[in-house]
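Beneath this line is the structure, given in structure tokens, with notes to follow.
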Amino acid sequence: MAVLEQTPPAVAKPSPTQPKKGWRKYWHLYAAISPFYLLFLAFGLFPVGFSLYLSFHRWDGLGTMEWAGLSQYQYLLSDTDFWNSIGNTIIIWALATFPMIFLAMVTAVMLNSAVRFKSLYRVAYFLPNVTSVVAIAIVFGSIFATNNGVVNAVLRGVGLDQVAWLNTPWGIKVTIAALMTWQWTGYNAIIFLAGLQTIPSDLYEAARMDGAGPVQTFFRITLPLLRPTLLFVLVVSTVTGLQSFSEPQVLLQTTTNDSTFAGGPGHSGQTMVLYFFQQTFDNNDFGYGAAVAWGIFLVVVLFSIINWRLVQRRGE
């Protein structure tokens with residue numbers, strides 16, 4: 001009886017045109033997105049790294065760098081002008097942020113309940129945010145002018161004394177805060193409105209059936225469900241508010257002969273970023289300016305973490 005021999009199956013040899021594996025297979029996709037990363041490396045990551053390197057040196061922008069170690073950070077901790085700028089920034093941020101958040105939330109609730117012309121209202125409230133900050137600052141400078149300003153004209157009309165808004169410490173801070181509040185209220189109202197529209201309407205209907213009024217509905221339903229949106233608005237407002245520059249710089253550049261970055265009489269409106277520009281470009285101290293910039297970064301991160309923790313703790 002003959003035994004048939006089984007022939008082992010042939011093993012397919014890899015084709016010379018077999019597609020490549022790994023990153024080489026998608027090299028054209030990486031090449032397509034590479035311009036963004038190259039620009040980020042050149043204009044984002046490298047300047048950040050260079051500023052950190054520069055903060056450990058003394059440099060006037062033209063000569064050779066001189067190693068300074070931690071001496072500039074040590075001086076920064078004892079620099080009364082820097083601490084004064086931190087105090088000014090925090091006061092202006094508080095005067096602008098909390099009224100702005102309140103007005104933005106009220107505006108969002110009104111927009112959410114409006115029936116007609118919703119789109120028109122949204123565009124109108126968003127316009128201040130896309131308007132040039134320089135133009136807004138010039139207008140507010142005229143509104144709060146001491147002699148011919150609209151605000152002082154109203155005060156005189158009701159029998160009160162006029163206020164030198166741009167020449168007194170608290171007047172300067174209130175003016176800058178009012179400008180920032182007007183600029184950002186509409187923007188944050190649109191964000192709150194987006195958060196309100198994610199809340200199911202069934203919850204409000206059930207609350208009304210249970211006899212809950214508008215105030216109870218707001219504090220029991222709207223505000224708790226808006227907490228993530230509120231956290232986002234608070235953190236973003238902290239980051240932008242603590243880095244205010246154009247508002248005080250344009251408002252107060254003609255109120256003193258010291259410097260365009262001085263922040264008005266007595267440096268009452270000199271924010272942290274204005275102080276950074278003064279040290280870097282007025283004094284040509286690029287090394288110390290870099291140290292100030294990293295000090296600003298730490299202050300902004302610290303306040304952002306504090307605000308985040310406060311909002312999260314209230315939500316527990």
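The values are calculated or read from the model by the stated rules, or taken from the named source; none is laboratory data. Not measured: the values here are computed from a predicted model. Note: ideal-geometry Cβ built from the backbone for every residue, glycine included; neighbour counts use all protein chains shown. These area figures cover heavy atoms from the full protein model, side chains too; ligands, DNA and RNA do not enter into them. Shrake-Rupley method; radii C 1.70, N 1.55, O 1.52, S 1.80 Å.
Worth a mention:
- Answer residue from the stretch 136-146, given it is of a type in the set (Val, Ile, Thr) and in contact with a helix residue (DSSP H, G or I) (Cβ under 7 Å, 6 or more places away or on another chain) and is surrounded by the fewest Cβ atoms within 10 Å (Cβ to Cβ) among those: ILE138
- Spans of helices (runs of 4 or more DSSP H) in the stretch 198-257 with at least 3 residues out of contact with any Asp or Glu (no Cβ under 9 Å at 6 or more places or on another chain) and within 30 Å of PHE144 (Cβ to Cβ): 227-241, 246-252
- Checked against the criterion of being touching a residue at least 24 places away in the same chain (Cβ under 8 Å), in contact with a Leu (Cβ under 7 Å, 6 or more places away or on another chain), small (Gly, Ala, Ser) and under 28 Å from ILE90 (Cβ atoms), the candidates GLY195, GLY266, GLY241 yield just one match: GLY195.
- Criterion applied to SER259, SER246, SER201 was being modelled with pLDDT under 90 and either within 24 Å of LEU54 (Cα to Cα) or loosely packed, with under 13 Cβ neighbours inside 10 Å (or both), and the one residue passing it is SER201.
- Entry remark, the stretch 43-87: residues being in contact with a His (Cβ under 7 Å, 6 or more places away or on another chain) and farther than 17 Å from PHE281 by Cα number 4 in total.
- Among residues of the stretch 147-167 being out of contact with any helix residue (DSSP H, G or I) (no Cβ under 8 Å at 6 or more places or on another chain) and assigned to a loop (DSSP other than H, G, I, E, B), the one that is nearest to GLY269 (Cα to Cα) is ASN147.
- Subset of the stretch 27-52 (residues that are among the hydroxyl-bearing types (Ser, Thr, Tyr) and either open to solvent by less than 50 Å² (accessible area, probe 1.4 Å) or in contact with a helix residue (DSSP H, G or I) (Cβ under 8 Å, 6 or more places away or on another chain) (or both)): TYR30, SER34, SER51
- Of the criteria (1) farther than 24 Å from ILE90 by Cα; (2) in contact (Cβ under 8 Å) with a residue 12 or more places away in the chain, which one ASP161 fails: (2)
- Residues of the stretch 204-228 that are open to solvent by less than 30 Å² (accessible area, probe 1.4 Å) and either under 22 Å from MET100 (Cβ atoms) or in contact with a strand residue (DSSP E or B) (Cβ under 8 Å, 6 or more places away or on another chain) (or both): THR222, LEU226.
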